[in-house]
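Engineer: Dropping the structure in here first, questions after.
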Amino acid sequence: MKDYKQQDYVNYRIQRAKDTINEVDILIENKLWNTAVNRLYYACFYAVGALLMKDGIEFSSHSGCRQKFGQFYIQTGRISKDLGKYYSDIFEKRQKGDYNDFFDFDENSVLPLVEPSKRLIRDIESLLGA
């Protein structure tokens, strides 16, 4: 079994974030709105996870990841408050789209979410030095 280093995981997670955000265009093109929201969230989650991992900050759940991200990056001003709020919002939207019955996002609710997700990933890449 290969012995992975912390940086290997960081690199893997940020690449996974970039790959996942690229999937969103295909989902939007096919009008798969709930799945697009899911992938937007996960792209951000992978990027946030990479950042936390780089700094040795552990978390064990999606909520824990949000809490640590807020504590160490939003409250300290390393990531903007608007992107911190966006990350919480996209988490809630993903929950709603994945778990609420008879609920569907539409084009007007999904398209405005794409650019903030990309911006969050870019800002995290900058902090990672990627």
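The values are calculated or read from the model by the stated rules, or taken from the named source; none is laboratory data. Small disclaimer: the values here were computed from a predicted structure and weren't measured. Neighbour counts are summed over all protein chains in view; Cβ atoms, including those assigned to glycine, are modelled from backbone coordinates with ideal geometry.
Engineer: Looking at the range 72-119 only, could you name the residues that are within 17 Å of Ile26 (Cα to Cα) and touching a residue at least 60 places away in the same chain (Cβ under 8 Å)?
Structural biologist: The answer is Phe105, Asp106, Glu107, Ser109, Val110, Leu111, Leu113, Val114, Ser117, Lys118.
Engineer: Out of Asp82, Asp98, Asp8, I need the residue that is on the phi < 0 side of the Ramachandran plot, modelled with pLDDT of 95 or more, of a type in the set (D, E, K, R) and in a helix (DSSP H, G or I). Which one?
Structural biologist: Checking each option against the conditions leaves just Asp82.
Engineer: Another question about this same structure. Collect the residues in the range 44-69 that are in a helix (DSSP H, G or I) and surrounded by fewer than 18 Cβ atoms within 10 Å (Cβ to Cβ), keeping them in residue-number order.
Structural biologist: If the condition is that a residue be in a helix (DSSP H, G or I) and surrounded by fewer than 18 Cβ atoms within 10 Å (Cβ to Cβ), then His62, Ser63, Gly64, Gln67 are the ones that fit.
Engineer: Only one of Ser117, Ser109 is modelled with pLDDT of 95 or more, more than 16 Å from the chain's Cα centre (by Cα), outside any loop (DSSP other than H, G, I, E, B) and surrounded by 11 or more Cβ atoms within 10 Å (Cβ to Cβ). Can you tell me which?
Structural biologist: Going through Ser117, Ser109 in turn, the sole match is Ser109.
Engineer: Go over the candidates Thr20, Thr76 one by one and state the one that is among the hydroxyl-bearing types (Ser, Thr, Tyr), modelled with pLDDT of 95 or more and buried (at least 16 other Cβ atoms within 10 Å of the Cβ).
Structural biologist: Only one candidate qualifies: Thr20.
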